[in-house]
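The values are calculated or read from the model by the stated rules, or taken from the named source; none is laboratory data. Source: prediction; values computed, not measured. Quick reminder, even Gly has a Cβ in these numbers, built from the backbone with ideal geometry, and neighbours come from all protein chains shown. Note: accessible area is taken over every heavy atom of the protein model, side chains too, but ligands, DNA and RNA are not part of it. Shrake-Rupley method; radii C 1.70, N 1.55, O 1.52, S 1.80 Å.
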Amino acid sequence: MIRLYNSLTKKKESLETIEPGRVKMYVCGPTTYNYIHLGNARPVVVFDTIRRYLKYRGYQVVYVQNFTDVDDKIIKRAHELGEPALELASRFIKEYFKDADALNVGRADIHPRVSDHIEDIIEMVKKLIDRGFAYEVDGDIYFNVRKFQSYGQLSGRSLDELMAGARVQVDERKNDPLDFALWKKAKEGEPAWSSPWGEGRPGWHIECSVMSLKYLGKDFDIHGGGHDLIFPHHENELAQSQACSRCGFAKYWLHNGFITINQEKMSKSLGNFFLVREILDKFPPDAVRFYLLATHYRSPLDFDDEKLVVAGKGLDRLKNFRTALLDIVHGPAVPDDNSTPGEDLRKIEAFVENLEQKFTEAMDDDFNTALAIACLFDFVRDINGIINKPDFKVTQQAVFSLKKALNLYDELGNGVLGLFFRTGKQDALPGSDELVSSLMDILLSIRQEARDQKQWALSDKIRDAVKELGIILEDGPKGTKWKIVDKD
């Protein structure tokens, strides 16, 4: 059973999805006015890994990650560069994908943009006004915080505490200093859209409420983002969504910890940030991904170059082991004979079983990637202890056992953690394990879509076609597994 820390309840809870076998997950994406920095990249990699693991555990995952392309910061940067705000945002969305691709981050199922959902936002603001939770002041619309009795439930603070610690601009037109903007009256030189309250644009918080509700429904499973979004962004999201739709909204709230520089949060506003693009000029992208996952996602992560150097060395050890296994399973083997130490083969089988169990236990405990990576290192040590013995013979039976070890190692290290996407020349060879695995992932994804849409004929056609190539598909509760068999 997967257990995850819920920021709303402040405790670990068992994952019980709203729809059996299906996880609906929304994660706040970047505000696209610059290249992403390492602090932005952490949630991108973390929630990509969480999605991968949920799929590994047999869940169908609907993953939505938005782009905020209408925002004060975008407008300010666009004015500085003399570029239309929406064009600037669109340009940096393209740049985001370049960095995400470099870090082996898969595309979300849906990447909605704020600018494509203005009418939806206006409709939600209307509902909040009609239900008494919002009010208009000179073309601006504000959410009335004190009308929503549960405000503060996510951040765990009362209105008085929030008021005492709030850094809000004094606006005597508002009913309360904590009231936040749902719709902003147009200013000269800013993008604007027609509304019942005049020309204007959405506030920040309403945007994510609209997009998550539109694509995942009134109640969904997981809402994710960085720890800095708990207040005010996610607090406001939760309040306006529950007030509008009379729903629970997100069931589990997951937040990754900060990346710090000398114990101070990395951020553009503080000027102490490092762009992913700049880091990738100095370090391999797989080492960067390894570094981001080698610490539990909720823990703070302090950055310096030396830590990335250490991460790269650790990853090299994992990759070198993988290369050694590839050399054995693709190399010559001697016939089985009575001199083959059967105890060694039994140990290999036991190590494979133990790895799957321990890795799953680690990830089931609030997606503990740090412990999961430690399981991989233990596996490397144990298998190396056998294959490096002077009397170890590469027999056919040994190759069979080591293929099982390699397949599981790849499934966990790459399929779940996404680490082995730069593994050297062997992966570029036609027919290599990695190429076959990548192609099968694509085929299985297409086949799953066909099954979801009840296109059984197409699903069976794919199954029968790969069977002709010697690949058997096995559908089970954890999803579809595949294996290569002798066609004879």
Hey, can you tell me all the residues within region 173-196 that are part of a loop (DSSP other than H, G, I, E, B) and touching a helix residue (DSSP H, G or I) at 6+ places or on another chain (Cβ under 8 Å)?
N175, D176, P177, L178, D179, G189, E190, P191, S195, P196
Count - residues of region 219-230 that are at pLDDT 95 or above and part of a helix (DSSP H, G or I)
3
In region 457-475, anything of a type in the set (V, I, T) and not in a helix (DSSP H, G or I) is listed as I471, I472
Between a first residue in region 282-299 that is aromatic (F, W, Y) and a second residue that is assigned to a loop (DSSP other than H, G, I, E, B) and open to solvent by 20 Å² or more (accessible area, probe 1.4 Å), which pairs have beta carbons less than 8 Å apart while being 6 or more apart in sequence or on different chains?
none
Helices (runs of 4 or more DSSP H) contained entirely in region 63-165, each with at least 2 residues that are under 21 Å from G203 (Cα atoms) and open to solvent by 40 Å² or more (accessible area, probe 1.4 Å):
72-81, 85-102, 118-130
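Which count do you get for residues in region 79-127 that are small (G, A, S) and without any contact (Cβ under 8 Å) to a residue 12 or more places away in the chain?
Total meeting the criteria: 1.
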In region 16-36, the residues that are surrounded by 20 or more Cβ atoms within 10 Å (Cβ to Cβ) and either touching a residue at least 60 places away in the same chain (Cβ under 8 Å) or part of a strand (DSSP E or B) (or both)
V23, K24, M25, Y26, V27, C28, G29, P30, T31, T32, I36
Where residues in region 452-488 are touching a helix residue (DSSP H, G or I) at 6+ places or on another chain (Cβ under 6 Å) and at pLDDT below 85, which of them is surrounded by the most Cβ atoms within 10 Å (Cβ to Cβ)?
T480
Return only the number of the condition from (1) at pLDDT below 95; (2) within 23 Å of the chain's Cα centre (by Cα); (3) farther than 23 Å from K76 by Cβ that E172 does not satisfy.
(2)
Determine whether V334 is open to solvent by 10 Å² or more (accessible area, probe 1.4 Å), at negative phi and modelled with pLDDT under 95.
yes
Tell me, please, whether a residue that is crowded, with 18+ Cβ neighbours inside 10 Å and modelled with pLDDT of 90 or more can be found in region 424-441.
no
Restricting to region 276-299, what's the tally of residues that are in a loop (DSSP other than H, G, I, E, B), closer than 21 Å to A100 by Cα and either of a type in the set (G, A, S) or open to solvent by 10 Å² or more (accessible area, probe 1.4 Å) (or both)?
8
